[in-house]
There are 2 protein chains.
Amino acid sequence: MSGFVRRIPEGDHRERMVCADCGYVAYDNPKVVVGAVVIADEAVLLCRRAIEPRQGFWTLPAGYLELGETLEEGAARETWEEARARIELDGILGIFSISRIGQVHIMFRARFSADASPPRFAAGAESLEVGLFTWNEIPWNRIAFPSSCWALDAWRRSGSGPLGAPAGNPPEDARGTRPPKGSPMAPPMARE
Amino acid sequence: MSGFVRRIPEGDHRERMVCADCGYVAYDNPKVVVGAVVIADEAVLLCRRAIEPRQGFWTLPAGYLELGETLEEGAARETWEEARARIELDGILGIFSISRIGQVHIMFRARFSADASPPRFAAGAESLEVGLFTWNEIPWNRIAFPSSCWALDAWRRSGSGPLGAPAGNPPEDARGTRPPKGSPMAPPMARE
């Protein structure tokens with residue numbers, strides 16, 4: 001990005017990266033992360049990360065929404081890439097602002113596709129292993145990201161019933177400040 | 001962006017713009033648009049656009065989420081910039097994929113802040129005029145963007161009651177294809 005300079009484009013009110021040659025403005029805006037809480041027999045699908053950040057920790061299948069995708073397509077693609085699972089989405093469980101790192105996380109509730117043949121999941125390229133966990137089996141002290149805990153909490157509240165208003169950030173973390181690396185996540189039940 | 005080339009970075013599976021000098025990858029992902037359906041006495045706040053696209057047409061106050069903001073902060077900032085209104089948000093009415101143009105629209109239900117002194121709104125720099133409209137007064141054939149219609153429809157369904165699951169794209173427009181420029185919007189009630 002050597003040809004870019006930081007300045008406020010005409011009509012704007014924030015500094016942007018602007019190409020000194022052609023005037024192209026490289027707007028840098030928050031990115032959308034889409035993912036799924038895939039439920040089967042009251043257990044949830046988790047992936048152990050093969051890559052940084054948080055390699056070796058567990059996460060819900062999720063990743064960046066790409067251009068041209070709907071939110072639903074992105075969540076299904078990420079679940080396929082990371083957990084080799086074909087899923088059907090039934091609605092949004094939670095929407096979280098992780099403003100410190102410029103991300104918005106949108107997490108769906110999902111189930112395996114009716115026509116998925118066993119085994120219904122496997123580790124994708126970015127996962128070391130993938131498994132189903134009941135609530136009490138979830139490795140709370142090895143969860144990679146707070147938004148996974150928040151989405152799991154929203155799943156527990158909704159159960160298999162109708163989805164209500166989406167969960168947002170917990171009141172004590174409205175801006176999505178991530179705890180120091182390596183610190184165990186508090187299970188959501190500990191916050192009640 | 002003269003120093004950039006289009007190629008697939010190592011470990012990726014999509015072409016990205018990569019700086020030929022330094023290897024910087026300029027990821028281009030969908031952007032988040034946040035906005036508000038501001039309600040007062042069963043009327044909704046609309047802005048007539050002073051700028052393209054859709055100059056002269058009416059819209060809900062909304063715009064791009066910026067780095068460092070929460071969704072709520074972004075919706076409140078855009079409402080201030082476009083309608084000079086201070087608001088309080090009470091939840092998400094709808095989340096829409098406009099995948100043709102790489103946008104995700106997240107629309108909140110809101111009211112004027114309790115301490116807002118009259119006049120509670122005015123045209124901001126990007127608006128020609130701003131006004132309150134009851135459902136039957138909404139200028140349906142002069143609405144700028146489909147997502148405004150969808151959010152207004154979600155408002156009508158929720159009324160002032162509790163917010164349920166957020167509305168999504170209508171089934172007939174799951175990918176957010178915008179009608180041809182200049183065509184009148186169908187009021188949501190015409191779709192039922």
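The values are calculated or read from the model by the stated rules, or taken from the named source; none is laboratory data. In this text, all values refer to a predicted model and were calculated from it rather than measured experimentally. Here Cβ is always computed from backbone atoms with ideal geometry, including for glycine, and neighbour counts include all displayed protein chains. Accessible surface is based on the protein model in full, side chains and every heavy atom, while ligands, DNA and RNA are left aside. Shrake-Rupley method; radii C 1.70, N 1.55, O 1.52, S 1.80 Å.
A few notes on this one:
- Members of the range A:102-119 that are touching a residue at least 40 places away in the same chain (Cβ under 8 Å) and out of contact with any Leu (no Cβ under 9 Å at 6 or more places or on another chain): A:103, A:105
- For the range B:36-50, the condition holds for at least one residue, the condition being that it is closer than 26 Å to residue A:101 by Cβ, open to solvent by less than 10 Å² (accessible area, probe 1.4 Å) and touching a residue at least 60 places away in the same chain (Cβ under 8 Å).
- Among the residues making up the range B:56-73, a single one is open to solvent by 30 Å² or more (accessible area, probe 1.4 Å), touching a residue at least 12 places away in the same chain (Cβ under 8 Å) and within 7 Å of chain A (Cβ to nearest Cβ): B:64.
- Failed criterion for residue B:128 (all others in (1) of a type outside the set (Gly, Ala, Ser); (2) free of Cβ contacts under 8 Å to residues at least 60 places away in the same chain; (3) outside any helix (DSSP H, G or I) hold): (2)
- Evaluating residue B:20 against the criteria (1) touching a residue at least 40 places away in the same chain (Cβ under 8 Å); (2) surrounded by fewer than 15 Cβ atoms within 10 Å (Cβ to Cβ); (3) among the small types (Gly, Ala, Ser) leaves one unmet condition, (1).
- Of all residues in the range A:131-177, those satisfying the criterion of being part of a strand (DSSP E or B) and either within 13 Å of chain B (Cβ to nearest Cβ) or polar (S, T, N, Q) (or both) are A:134, A:164, A:167.
- If the condition is being in a loop (DSSP other than H, G, I, E, B) and either within 11 Å of chain B (Cβ to nearest Cβ) or surrounded by fewer than 22 Cβ atoms within 10 Å (Cβ to Cβ) (or both), then the range A:79-112 contributes A:84, A:86, A:102.
- Screening residue B:76 against (1) within 14 Å of chain A (Cβ to nearest Cβ); (2) surrounded by 15 or more Cβ atoms within 10 Å (Cβ to Cβ); (3) over 30 Å from residue A:33 (Cα atoms) leaves a single unmet condition, (3).
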